[in-house]
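Below: one structure, written as structure tokens.
The values are calculated or read from the model by the stated rules, or taken from the named source; none is laboratory data. None of these values were measured; they are calculated from a predicted model. In this analysis, Cβ positions are derived from the backbone assuming ideal geometry, glycine residues included, and neighbour counts consider all displayed protein chains. Note: accessible area is taken over every heavy atom of the protein model, side chains too, but ligands, DNA and RNA are not part of it. Shrake-Rupley method; radii C 1.70, N 1.55, O 1.52, S 1.80 Å.
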Amino acid sequence: MRTLVLGGIRSGKSRWAEEIMAGDYPVRYVATGAAADADSSWARRVAEHRERRPASWMTVETTDLAVLLGDDAATPTLVDDLGGWLTAALDRRGWDGGSVADDVDELVDAVEQFAAPLALVSPEVGLSVVAATAAGRRFTDELGTLNQRLAQHCEQVVLVVAGLPLWVKRTKAPN
């Protein structure tokens with residue numbers, strides 16, 4: 001079962017994804033955010049996430065999601081979050097017109113082939129004003145496209161608002 005978990009900042013999307021992945025099996029938690037080196041506020045957020053996770057979960061910090069998912073499609077995985085992944089892809093390709101289309105294609109293909117339970121956490125875009133900067137507009141445009149593509153390949157899509165799930169797409173897993 002592949003689940004795309006969408007929501008705004010502090011909506012509870014990460015916590016909700018962690019709850020649906022909790023079970024009697026080990027989970028690989030993939031953190032895509034930047035290191036919390038000099039930013040104490042970011043460091044607190046990262047620490048909160050770490051403290052919530054069961055000790056049995058393995059944490060991997062990477063933005064190379066397509067390779068990671070392709071190399072091991074049998075381990076239940078939670079990716080938190082796709083905004084961090086997209087930021088890294090834009091950093092690599094260039095914010096001023098470099099295409100991330102190949103990166104998105106590779107990620108979508110890896111998600112489509114992934115066999116174990118998978119939760120993908122992603123910021124939802126378009127719930128606020130249009131960004132004032134070209135980089136901000138580029139990010140929201142690319143993230144909106146990524147979320148739409150992944151939603152087509154996930155059996156479940158949920159929007160988390162105020163910690164509560166609003167089901168956008170709910171398909172039963174094959175028996």
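Assuming R0 = 22 Å, can you tell me the calculated FRET efficiency for the pair Arg170 and Tyr25, based on Cβ-Cβ distance, to the nearest 0.05?
E between Arg170 and Tyr25, to the nearest 0.05, is 0.50.
Return one whole number: the accessible area per residue of the chain in Å², for a 1.4 Å probe. It would help to have the intermediate numbers written out before the result.
Values: 9480 Å² over 175 residues.
Per-residue accessible area for the chain comes out at 54 Å².
If you stretched the chain out fully between Asp39 and Asp96, how much longer would it get, using 0.36 nm times the residue separation minus the C-alpha to C-alpha distance? Please report the intermediate quantities before stating the final value.
Numbers: separation 57, 0.36 × 57 = 20.52 nm, distance 2.60 nm.
The span from Asp39 to Asp96 would gain 17.9 nm if fully extended.
Using a 10 Å cut-off on Cβ atoms, rank the peptides 150-163, 114-127, 89-102 from the highest mean neighbour count down.
114-127, 150-163, 89-102
Within segment 123-146, whose backbone N sits under 15 Å from a point 7 Å along Cα→Cβ of Asp105?
none
With the crude spin-label approximation of a point 7 Å out along Cα→Cβ, what separation in nm comes out for Glu112 versus Arg15?
Using points 7 Å along Cα→Cβ, the separation is 3.6 nm.
With a/c under 1.5 counting as rounded, go ahead and sort segment 1-95 into rounded, prolate or oblate using the C-alpha gyration tensor (a ≥ b ≥ c being the square roots of the eigenvalues; past the cut-off, prolate if a/b is larger than b/c, else oblate).
Values: a/c = 1.58, a/b = 1.16, b/c = 1.36.
Verdict is oblate for segment 1-95.
Which cross-chain or sequence-distant (5 or more) residues have an amide H under 5 Å from the amide H of Thr77, H modelled 1.01 Å from N in plane?
HN-HN under 5 Å from Thr77: Arg28, Leu118, Ala119.
Leaving out ligands, DNA and RNA, what percent of the accessible area of segment 81-175 is carbon and sulfur, probe 1.4 Å? Intermediate results must be reported in sequence, preceding the final value.
Working: 2790 of 5220 Å².
For segment 81-175, the apolar C and S fraction of the accessible surface comes to 53 percent.
Starting from the Kirkwood Rh over alpha-carbon pairs, what translational D in µm² s⁻¹ does the chain have by Stokes-Einstein at 37 °C and 0.692 mPa s? Numbers along the way, then the final one.
Values: Rh = 16.5 Å.
Rounded, D is 199 µm²/s.
Using amide H atoms built 1.01 Å from N in the peptide plane, name the residues 5+ places from Leu4, or on other chains, whose amide H lies under 5 Å from its own.
Result for Leu4 returns Leu120, Gln156, Val157, Val158.
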